[in-house]
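**Student:** Quick one: the structure is below, questions incoming.
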Amino acid sequence: MRVLRVRDPFHRSQLAIAALFCSLGFQYATWASRIPAIKEDLGLSAAEVGVLLMAAGIGAAVSFPLVAVLMRRLGSQRLALLSALCLALLLLALAGAPNYPVALLVMCVDGVLVGCLNVAMNAQGAELEKRYERNAMARLHATFSGGSLLAALLASGMNAVTSAVAAHFGAAALFLLLLVLCARTGLLAEQQPADGAAEESGAAQDAAPGKKKSKWTVPSRVTLWMCVAMAFGTVTEGAMNDWSALYLEDVAEASAELAPLGIAVVSGMMVVARLFADGWRSRWGDGRVVLSGSVLAGAGLALALLSGGLVPALLGFACVGLGIAAVTPCVYVAAAGQGSDSLTLVAAMGTTGLLAGPPLIGFIAHASSLVWGLAAVAASALVVSACSTRIRWPATTG
């Protein structure tokens, strides 16, 4: 790992935190890209696939109290490394699941671990921006999208070699372990207890003076708007990862080789957008970036669904990736400014939306059609645009 040593402390920490974001995107998209194979191996119906995905969302939703406790006791540095390591091993457990109940249990645990890593790595990213007074969160989230893109490409490559899920997930787990080793060298140690960080900017709204150390405070109205924006933003992002391949194959009539391009297009556009989004934040402010991007995502996908066909679908997916890319980085930074309790709650809503949103879209698709399911995704993006006008966005740094 000597090649990863960087002299500049900002870039050293940025690379380490980026490895965490990449690992979460890669792990998530790895199993998401093999949903059709898992469905066939376990003999599942479309409704059972929806419940399987819902199990991950349930795990994420119930993880919030546990994550808050672990953040206080372990800190974001140790919690991030531990949860990233466990997520790598969990892929092997999913590949070896002998039946549907065991797969449900594995996915529920996956949701809990994703909740832990999501909060810890975003706390690290927010601390990086605060400590060095430089915008970095969007680029960090770009590596999440980059991880999803790598996972989609690996899935296509492995499909060309073997259809065995175990071989695919084994190779993916090795890559995830390598990312954990890269992250271990440069994460930021807490300068103070995790539940005391960044309280001064949001304490006046979330708790009365002198009660900063209470275990829990009633969320402010601003925090609740952030929760809604985060939930619907991650519903939009997660649903595209989980259902784009099936839409291309079943509705747009794409071949099995072209179907994974749905994830690749969304993830690729998100990578590109997030590489430039920190500059957009500095130029136009977080609020304008979120508002315009979410409108682009919702309107672009809606037009693609109305047009039908493979090319319009890929163009619509590209609009979603481009437009939704900056939503979660901006909301995480705003939430961190309200204190770690707000960050944990908003991150929990984000994880829940990412994991529970896709099965809800599946239930809509089962009751009507996948076109209507993705129409709900377009509507989710427009909900984000409405919420963005109610959030008090922080002043951005250079």
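The values are calculated or read from the model by the stated rules, or taken from the named source; none is laboratory data. This is a predicted model, so every value here is computed, not measured. Reconstructed Cβ throughout: ideal geometry from the backbone, glycine too, with neighbour counts over all protein chains shown. Ligands, DNA and RNA are stripped out before the accessible areas are found, and what is left, the full protein with its side chains, is counted by its heavy atoms. Shrake-Rupley method; radii C 1.70, N 1.55, O 1.52, S 1.80 Å.
**Student:** Only one of (1) of a type in the set (D, E, K, R); (2) open to solvent by less than 20 Å² (accessible area, probe 1.4 Å); (3) modelled with pLDDT of 80 or more fails for D242. Which number is that?
**Tutor:** Here D242 clears every test but (3).
**Student:** Further, regarding this structure: Hey, can you tell me all the residues within segment 30-65 that are surrounded by fewer than 23 Cβ atoms within 10 Å (Cβ to Cβ), of a type outside the set (A, V, I, L, M) and over 23 Å from D250 (Cβ atoms)?
**Tutor:** Within segment 30-65, F64, P65 qualify.
**Student:** Among the residues of segment 383-398, count how many are surrounded by fewer than 18 Cβ atoms within 10 Å (Cβ to Cβ) and either among the aliphatic types (A, V, I, L, M) or at pLDDT 90 or above (or both).
**Tutor:** Count: 4.
Conditions tested, residue by residue: (1) under 19 Å from V327 (Cβ atoms); (2) among the polar types (S, T, N, Q); (3) modelled with pLDDT under 75.
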site	(1), (2), (3)
L188	no, no, no
K215	no, no, yes
T223	yes, yes, no
E237	yes, no, no
